[in-house]
Amino acid sequence: MKNLILIRHAKSSWEAPLKDFDRPLMKRGILDAHSVSGAISKYLPKTYIIWSSTAARASETAIIFAQNLSYPIESILFRDELYTFDDRHLEKVIKSCDNSLESVILFGHNEAITNFVNKFGDVFIDNVPTSGFVSLQFDSESWDSINKGITHKTIFPKDLK
């Protein structure tokens with residue numbers, strides 16, 4: 001069995017004239033990331049790795065979650081190819097995962113995340129919101145052969161308010 005948790009980066013700021021890649025989290029995003037990360041521990045597999053997009057907003061979100069989950073920040077794998085909005089590209093990256101890994105937590109971007117969870121999960125989600133957590137399980141021994149799985153759990157900031 002393979003477990004994949006997709007987390008959309010927290011709410012980011014559009015105030016400063018920065019490139020999209022460099023946009024930081026805004027205060028609401030930081031609060032939402034802390035809120036969701038504090039509510040997920042009972043839904044996590046025993047062992048996992050964390051992958052994150054290298055974009056500022058995704059990496060900042062991954063660091064907040066890692067701190068709250070007591071996961072070593074230096075163990076987060078920041079991957080340039082996760083800075084994508086295309087679910088087909090995201091699928092390619094996920095399917096290239098080493099089969100020795102049973103569980104991956106991935107921090108990334110929309111539209112890729114929403115489209116991926118709708119293609120591979122069994123629950124339609126109109127839009128995975130910022131700081132949204134979606135846990136998928138696949139009855140597969142190999143990442144490259146994952147197909148329709150089970151949407152095991154979703155946690156969105158609005159669920160915690």
Test Thr84 against the criterion of being in contact with a helix residue (DSSP H, G or I) (Cβ under 6 Å, 6 or more places away or on another chain), free of Cβ contacts under 8 Å to residues at least 40 places away in the same chain and either open to solvent by less than 20 Å² (accessible area, probe 1.4 Å) or aliphatic (A, V, I, L, M) (or both), and give yes or no. yes
With the first residue restricted to segment 50-78 and required to be without any contact (Cβ under 8 Å) to a residue 24 or more places away in the chain, and the second required to be part of a loop (DSSP other than H, G, I, E, B) and of a type in the set (Val, Ile, Thr), Cβ contacts under 7 Å at 6 or more apart or on different chains are Ala66/Ile76
Scanning segment 1-19 for residues that are farther than 22 Å from Val117 by Cβ and either open to solvent by 30 Å² or more (accessible area, probe 1.4 Å) or not small (Gly, Ala, Ser) (or both) gives Trp14, Glu15, Ala16, Pro17, Leu18, Lys19
So, first residue under 16 Å from Ile5 (Cβ atoms) in segment 133-161, second residue open to solvent by 50 Å² or more (accessible area, probe 1.4 Å) and basic (Lys, Arg), Cβ within less than 7 Å, six or more apart or across chains; the pairs are Ser135/Lys153; Trp143/Lys95; Ile146/Lys95
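Restricting to segment 20-49, name every residue that is aromatic (Phe, Trp, Tyr) and surrounded by 15 or more Cβ atoms within 10 Å (Cβ to Cβ).
Keep residues of segment 20-49 that are aromatic (Phe, Trp, Tyr), which gives 21, 43, 48.
Across segment 20-49, the qualifying residue is only Tyr48.
The values are calculated or read from the model by the stated rules, or taken from the named source; none is laboratory data. In this text, all values refer to a predicted model and were calculated from it rather than measured experimentally. Because the Cβ atoms are built from the backbone with ideal geometry, glycine has one as well, and the counts that use them run over all protein chains shown. Side chains included, ligands, DNA and RNA excluded: accessible areas come from the protein's heavy atoms. Shrake-Rupley method; radii C 1.70, N 1.55, O 1.52, S 1.80 Å.
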